[in-house]
Amino acid sequence: MASNQPRPTKAERREAARAKARALREEQERRERRARITRRSFLGVGGLAVAGTVAAVVIAGRDEEALGGKIVTDLASGDGIPATIRADGSLVFGSDLQPGTTTDGAQNLHIYFDYSCHHCANFEELHKTEIETLLGDGTINLVLHTSRSLGNSWSDMVCNAMGVVLDQEPTSAFAFHHAVMTRFSEIYARGDFSAINAESVTQAATEAGVGDAVVEQIASAITANTYGAWLDLCDKTFAEAAITGTPTVALGSEKLELTDIATETGITDRIRGGSGSSAQ
């Protein structure tokens, strides 16, 4: 039997098609939001397990040889990469706390992190004094592997700023690293994400003792993404190591479980009680 319902007009059919497209797009966005929340929650479980100080490390299907181990000896080169950065994008500190230096015979402590990861900031706060002591007495070399795995603009800004400090005032690099980690921890604790901006980075530089002339260069480098090539190199290293959680920590080539070192002397205790090889 023929329907008495009038056929939709062309305009009505167009509107119906738009509505369907909107619904599909919104559903896709909901799925992506759920996926992001799931990933972030998964990364946060470890932090909750140890009173919020560290994150769980999730390593899936990575090549064990790609994580930690010996320090890369070759330097990276080219525009947009600080002079002291190694070929894998890492930044190394020896006993004198100067970037690019190493201590012969020391064990290598590798930390894979993101400047916009609050779990990484918590880890830094917990182990800062301990790591400085271990560096100062020649027990470890500190090998920092940064990334922008969380996709936050803070990481880009900080790495551009660090590039300037490394090239212009390297003696302040270690202090600046601590200062920006502390600043992000404060921002996260307040929930004031409007403070994720270049001004916060330059303030942290000033607090770390970076000279005014270099601080001015930092602001320009952030705007121009001067050290974007360094960030790209770090992204490649993270992808090759298949690191899916930060912080990830290795003593030599041995990945450390964060729950096992979740005290102010946890790394020291592991070194004294473990069998890590100084060759690694």
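The values are calculated or read from the model by the stated rules, or taken from the named source; none is laboratory data. None of these values were measured; they are calculated from a predicted model. Cβ sites come from the backbone with ideal geometry, for glycine too, and all protein chains shown count toward neighbours.
Just a few scattered comments:
- Test: residue in region 211-219 that is surrounded by 23 or more Cβ atoms within 10 Å (Cβ to Cβ), in a helix (DSSP H, G or I) and touching a Phe, Trp or Tyr at 6+ places or on another chain (Cβ under 8 Å): no
- Of the residues making up region 66-103, just one is surrounded by fewer than 17 Cβ atoms within 10 Å (Cβ to Cβ), under 16 Å from Cys159 (Cβ atoms) and either of a type in the set (D, E, K, R) or without any contact (Cβ under 8 Å) to a residue 24 or more places away in the chain (or both), namely Asp79.
- Any chance Ile243 is in contact with a Lys or Arg (Cβ under 8 Å, 6 or more places away or on another chain), more than 21 Å from Ser77 (Cα to Cα) and of a type in the set (Val, Ile, Thr): yes
- Restricting region 125-174 to residues that are of a type in the set (S, T, N, Q) and within 16 Å of Ser200 (Cβ to Cβ), the residue that is surrounded by the fewest Cβ atoms within 10 Å (Cβ to Cβ) is Ser153.
- Among residues of region 255-280 that are within 23 Å of Ala241 (Cβ to Cβ) and β-branched (Val, Ile, Thr), those with a beta-carbon under 7 Å from a residue that is modelled with pLDDT of 90 or more and part of a loop (DSSP other than H, G, I, E, B) at least six positions away or on a different chain give the pairs Ile267/Ile261; Ile271/Thr139.
- Test: residue in region 193-215 that is of a type outside the set (Ser, Thr, Tyr), farther than 27 Å from Thr84 by Cα and without any contact (Cβ under 8 Å) to a residue 40 or more places away in the chain: yes
- Selection within region 190-210 - hydrophobic (A, V, I, L, M, F, W, C) and either surrounded by 15 or more Cβ atoms within 10 Å (Cβ to Cβ) or modelled with pLDDT of 95 or more (or both): Ala195, Ile196, Ala198, Val201, Ala204, Ala205, Ala208, Val210
- Number of the exception - Asp232 against (1) over 19 Å from Tyr115 (Cβ atoms); (2) out of contact with any helix residue (DSSP H, G or I) (no Cβ under 9 Å at 6 or more places or on another chain); (3) among the charged types (D, E, K, R): (1)
- Every residue from region 113-169 that is under 14 Å from Arg183 (Cα atoms), touching a strand residue (DSSP E or B) at 6+ places or on another chain (Cβ under 7 Å) and aromatic (Phe, Trp, Tyr): Tyr115
- Scanning region 101-158 for residues being of a type in the set (Ser, Thr, Tyr) and at pLDDT below 95 gives a total of 2.
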